[in-house]
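Undergrad: This is the structure, below, for whatever I ask next.
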Ligand SMILES: [Zn+2]
């Protein structure tokens, strides 16, 4: 009550303020100012283009590398079930608007005979588990794409099509290759490209270049130009680098720079089987490209802690539309380190490192800290782990 009285009192004083009733002499200059103001008011009344802000998150994981002990562990009476292996990371994949995985081994199915290292062929059910976990697209260009030949690629792609999973980097025909894959979420369109440094010495069958995309700057340039016409954001998966090296080599850095220059927004690296850091590459225009040089193994049977560590990288894309003008900004990069857990080559399970107690990993906390320090050495504001309660309430 007291506050209200005080307020009324103030108002009445202002209304009777003698200054408002005094006619001050108006100079020519002041008249001009008044006129300009009036024009501005008219201009502001004309329809203004509204500012629309859209945003979508993308997550990416590294190698889905199905060694024989991994598929043997997934064996059931009816076939194979890899879903339990993804159970603990599924919430992190599902919460993203778009999720992409590096499917290192072709899922040619049991009819071709399953094989592990060095020339892999995996069950269709690997694809079913990725689909169930919330992945939207798989990158297929890597050094194992040709392991079991054209038949395995065709079988795999038939299954990806059957379950409605988009794929990029390996194709069934030239026509298939020319169709750049795009996914639209929340009003933002993403395009997905995928390339590999090579195919372990296996020659690409003559006249069938579409079977696997190789790193070729000229080809990439054409693809990126087309991808930019089709999408707001260009994502390139690149299979490159030296195995087991914890930092990118010169060639990885050059390729990432080239892709950034061409206008690629996000570069997702894999092949080293160990984690390599993330980096921003900034152009003179101010446009930034987000690069993760290697995401390590997501699921594999390789031994040695550094080969058991992988992760889920996440980036937020914001699109601001003002009339004809559209601005894309990449925001809040984050990383969720994971462990490809196994015991005696059984009980495979991908576990967020944050959730790894001593039961699953000796000195889990120290390992987690060293992974953080490794991944953010060039991007100090890299976030780690999206809190679970936030994940659970997001939908
Ligand atoms: Zn590889």
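Read-outs: derived from the displayed coordinates by stated rules, not from any lab. Everything quoted here is computed from the prediction, not taken from an experiment. Backbone-built Cβ (ideal geometry, glycine too); neighbour counts: all protein chains shown.
Undergrad: Considering Cα pairs under 8 angstrom that are at least six residues apart, work out the relative contact order of the chain and quote it in whole percent.
TA: 16 percent
Undergrad: When a footprinting reagent is the concern and you count Cβ atoms within 10 Å, what order do 255, 328 take, fewest first?
TA: By the 10 Å Cβ count, ascending, the order reads 328, 255.
Undergrad: Only Cα pairs within less than 10 Å get springs; with that Gaussian network setup on the chain, which residue of 200, 142, 154 has the largest fluctuation?
TA: Residue with maximal mean-square fluctuation among 200, 142, 154: 200.
Undergrad: For region 52-390, what is Rg from Cα atoms divided by 2.2 N^0.38 Å, rounded to two decimals?
TA: 0.93
Undergrad: In addition: If you build a Gaussian network model of the chain, linking Cα atoms that sit under 10 Å apart, which residue out of 205, 91, 272 swings the most?
TA: Among 205, 91, 272, the largest mean-square fluctuation in the Gaussian network model of the chain belongs to 205.
Undergrad: Moving to a separate point now. Nearest 10 degrees is fine. How inclined is helix 149-163 to the longest principal axis of the chain, computing both from alpha carbons?
TA: Taking Cα atoms only, the helix is inclined about 50 degrees.
Undergrad: Taking the Cβ of each residue in 287, 148, 346, 181 as the centre, tally the other Cβ atoms inside 10 Å and list the residues starting with the fewest.
TA: With the fewest neighbours first, 287, 148, 346, 181 line up as 346, 287, 181, 148.
Undergrad: Cut-off 10 angstrom, C-alpha nodes, Gaussian network model of the chain. Which of 164, 198, 311 fluctuates the most?
TA: In this elastic network of the chain, the residue with the biggest mean-square fluctuation among 164, 198, 311 is 164.
Undergrad: Now a separate question. How many nm is it between the label spots at residue 200 and residue 174, if each spot is 7 Å from the Cα in line with the beta carbon?
TA: Once both label points are built, they end up 2.9 nm from each other.
Undergrad: Applying 1/(1 + (r/R0)^6) with R0 = 22 Å to the Cβ-Cβ distance of residue 372 and residue 316, what FRET efficiency is obtained, to the nearest 0.05?
TA: With a Förster radius of 22 Å, E is 0.65.
Undergrad: Here is a follow-up. What's the Cα-based Rg to Rh of region 333-375, Rh via Kirkwood?
TA: Looking at region 333-375, the ratio lands at 0.99.
Undergrad: Post the alpha-carbon centroid distance, region 273-291 to region 305-369, in whole angstrom.
TA: If you average the Cα positions of each part, the centres end up 17 Å apart.
Undergrad: Given contacts defined as C-alpha pairs under 8 Å and at least six residues apart, what's the relative contact order of region 93-236, whole-number percent?
TA: For region 93-236, the relative contact order is 23 percent.
Undergrad: What's the angle, to the nearest 10 degrees (0 to 90), between helix 364-375's Cα axis and the longest principal axis of the chain?
TA: Taking the Cα atoms of the chain, the angle to 364-375 is about 70 degrees.
Undergrad: Right, here's the next one. Can you compute the helix-only [θ] at 222 nm over the chain? Use -39500 (n - 2.57) per DSSP H run of at least 4 residues, normalise by all residues, nearest 500 deg cm²/dmol.
TA: It lands at -9000 deg cm²/dmol.
Undergrad: For region 133-283, count the residues as N, evaluate 2.2 N^0.38 Å, and divide the Cα radius of gyration by that value, please.
TA: Normalised by 2.2 N^0.38 Å, the Cα Rg of region 133-283 equals 1.02.
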